[in-house]
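Notes follow the structure.
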Amino acid sequence: MGKNFFPRWAPALVVVLLLGGCGGGGGGEDPVDPSSVPPPTIIILTLPDGTVGIAYSATVVAILGFPPFTWSVTGGALPDGLSLDSSTGEVSGTPTTPGTFNFTIKVTDTLNNMDSQDYTVRIGAAIPVVEIISVDSNEVLGNSVSGTPAVSGSGRFVAFTSFATNLVSSDTNTVPDVFLRDRVCTDTIRVSVASGGSEGGGQPELCPGDKFGGRRGGVRGLRFGRQQPGGQ
């Protein structure tokens with residue numbers, strides 16, 4: 001035979017054998033016997049606590065069973081603002097209410113086998129945020145003392161008095177001015193200026209509600225006590 005180890009018909013034989021082993025008479029996997037599949041088991045026994053206003057995410061995980069799994073809350077209630085993804089087991093959202101919440105999560109597999117786990121999640125109150133108001137529209141800190149703040153009902157607007165001369169341009173008087181800070185638009189404007197442009201001063205007091213005429217052209221609902229001459 002020389003160097004030819006396989007006869008000429010060998011490649012065809014190999015092909016036939018391979019095809020036969022791929023299911024064409026060569027057998028295959030047996031159907032799953034439901035009685036042989038263990039039920040799903042939840043392995044996440046606790047969930048982390050959260051805080052009002054801060055995004056929350058935690059995923060309940062199960063092993064064994066016959067996926068895909070279906071997740072549900074079968075007892076109690078999730079913290080306000082959170083929800084359970086029925087296909088992934090993820091609990092997510094942004095909590096809105098502080099308190100202690102007890103609930104039960106159940107997992108069910110394709111064979112209708114199931115497991116459940118009780119959870120307790122504590123949601124803490126919102127964390128206070130410290131924000132500096134006496135800054136200009138570019139977030140530059142005022143160069144002198146500020147005080148006597150008055151906050152609108154929604155918290156969006158804050159009026160305050162300041163000796164700073166760098167919160168707006170053309171601040172050349174020598175008395176404290178009254179400024180209005182828009183916390184949403186991050187604008188700071190001086191409102192103790194007469195319609196003719198003369199500078200004034202005073203003490204801020206916000207009327208109920210956010211009744212403002214615009215970000216630039218005057219402010220309604222803002223009153224001043226102890227006005228300086230020329231103030232408005």
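The values are calculated or read from the model by the stated rules, or taken from the named source; none is laboratory data. Please read these numbers as outputs of a predicted model, since none were measured by experiment. Reconstructed Cβ throughout: ideal geometry from the backbone, glycine too, with neighbour counts over all protein chains shown.
In the range 112-231, which strands (runs of 3 or more DSSP E) lie fully inside it and hold 1 or more residues that are at pLDDT below 80?
On the way: elements: 114-124, 146-151, 157-162, 177-182, 187-190, 203-206, 222-225.
Strands (runs of 3 or more DSSP E) meeting the threshold: 203-206, 222-225.
So that you can scan it fast, the table gives a plain yes or no per residue for (1) farther than 17 Å from LEU45 by Cα; (2) of a type in the set (S, T, N, Q):
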residue: SER72; (1), (2): no, yes
residue: VAL121; (1), (2): no, no
residue: GLY142; (1), (2): yes, no
residue: PRO149; (1), (2): yes, no
residue: VAL158; (1), (2): yes, no
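Condition (residue is outside any strand (DSSP E or B), among the hydrophobic types (A, V, I, L, M, F, W, C) and modelled with pLDDT under 95) applied to the range 27-42: is it met by at least one residue?
Yes, that holds for at least one residue.
Yes/no matrix, rows are residues, columns are (1) loosely packed, with under 13 Cβ neighbours inside 10 Å; (2) without any contact (Cβ under 8 Å) to a residue 40 or more places away in the chain:
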{"position": "THR51", "(1), (2)": "no, no"}
{"position": "ALA55", "(1), (2)": "yes, yes"}
{"position": "GLY65", "(1), (2)": "no, no"}
{"position": "GLY89", "(1), (2)": "no, yes"}
{"position": "PRO98", "(1), (2)": "no, no"}
{"position": "PHE103", "(1), (2)": "no, yes"}
{"position": "GLN117", "(1), (2)": "no, no"}
{"position": "SER137", "(1), (2)": "no, no"}
